[in-house]
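In what follows, a single structure is set out as structure tokens and then discussed.
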Amino acid sequence: GLDLVNNRLVGSPLETRGAMATFADGRHTLHVAGQGVHAMRDMLCEDILGLPSEDLRVVTPDVGGGSA
């Protein structure tokens, strides 16, 4: 017979991807658990919200795990 060993490994992020948005004093702010806030801001403004990028502030905590 043939014995096969298969380790059950699944790559999975440890942090969630929750977000909370606010609008105060004429400015949108998005708090998000993620990385790459500048790219995220630009994509959201250009492709989804139709806002100038200076009208959206994206804040993220130190989620770790990234090298850049």
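The values are calculated or read from the model by the stated rules, or taken from the named source; none is laboratory data. These figures come from a predicted structure and were not determined experimentally. Surface areas here come from the heavy atoms of the whole protein model, side chains and all, with no ligands, DNA or RNA. Shrake-Rupley method; radii C 1.70, N 1.55, O 1.52, S 1.80 Å.
Quick notes on this one:
- Residues satisfying the stated conditions in region 11-38, i.e. open to solvent by 70 Å² or more (accessible area, probe 1.4 Å), among the small types (Gly, Ala, Ser) and modelled with pLDDT of 85 or more: Ala19, Ala21
- Residues (among the aliphatic types (A, V, I, L, M) and not in a loop (DSSP other than H, G, I, E, B)) located in region 19-37: Ala19, Met20, Ala21, Ala24, Leu30, Val32, Val37
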